[in-house]
Amino acid sequence: MTDSSERSSLQTLATTLQKALNALKKTMTEEVSPKRDKKILRIMAEVELVNDEAMRKGLNFTNGYIARLKTGSGPRAPSHSVNTSPKVETPFQQLMVHHARNIVGPIPDPAAQGAAIKWILESFTPELAIKKYNSQLEQSNGNWRVSWLTVKRDIGRIQPNGPRPMDAADRNAERLNGNLSLIEDLRRNTG
């Protein structure tokens, strides 16, 4: 990272943190209620995410080290795991984690992001999707938000693994025809 991009990242983190702290101060003045408590918990979660990002980017801490700091188990937590092999992430998890590493705060619209990831993985490898995501990050230069929705739109209907039905109606019509053929065959075979 260059000094200007590091400064920009630090400035973004600081701004996000200050906004969260201001929201927390404002919420603390409200009358005690379950709704207020829920707001406070949400804001504290956002502050925690910003702090995690600062530790990850600014201090180069690993996710494991950050987790150990949070649990209070110190820098060298004993390994209690019977399974010593590293956890293998699914392609879906790989893409969602990649997106989470490149944004500040919680993932906005996670359901839409998940649907876009599923759509992408139907025809493309996770490596190709991540390559396209990173390419968009470089092109955006911070001017627009990159997400799996933008990657899906950019990839379009390029189909390395064969044609994809144009829409759900085509796919449903094809399934209906298949089911009707199956029913006819069953009727003929039963007498």
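The values are calculated or read from the model by the stated rules, or taken from the named source; none is laboratory data. Please read all numbers here as calculations on a predicted model, not as lab measurements. Here the Cβ is made from the backbone with ideal geometry for all residues, glycine too, and neighbour counts use every protein chain on show. Please note that ligands, DNA and RNA were not included when accessible areas were found on the heavy atoms of the full protein model with its side chains. Shrake-Rupley method; radii C 1.70, N 1.55, O 1.52, S 1.80 Å.
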TODO: Might you check whether a residue that is in contact with a Pro (Cβ under 7 Å, 6 or more places away or on another chain), more than 24 Å from LEU49 (Cβ to Cβ), in a helix (DSSP H, G or I) and at pLDDT 85 or above occurs anywhere in the range 127-138?
DONE: no
Task: Number of the exception - ASP109 against (1) modelled with pLDDT under 75; (2) on the phi > 0 side of the Ramachandran plot - done: (1)
- [ ] Take the range 1-43 and flag every residue that is aliphatic (A, V, I, L, M) and open to solvent by 90 Å² or more (accessible area, probe 1.4 Å).
- [x] MET1, LEU10, MET28, VAL32, LEU41
Task: Residue in the range 57-67 that is nearest to GLU6 (Cα to Cα), counting only those that are open to solvent by 70 Å² or more (accessible area, probe 1.4 Å) and assigned to a helix (DSSP H, G or I) - done: LYS57
TODO: Within the range 84-95, track down each residue that is open to solvent by 40 Å² or more (accessible area, probe 1.4 Å) and in a helix (DSSP H, G or I).
DONE: PRO91, PHE92, GLN93, GLN94
- [ ] List the number of the failed condition for SER123; all other conditions in (1) part of a helix (DSSP H, G or I); (2) farther than 28 Å from ALA54 by Cβ; (3) at pLDDT below 85; (4) of a type outside the set (Val, Ile, Thr) hold.
- [x] (1)
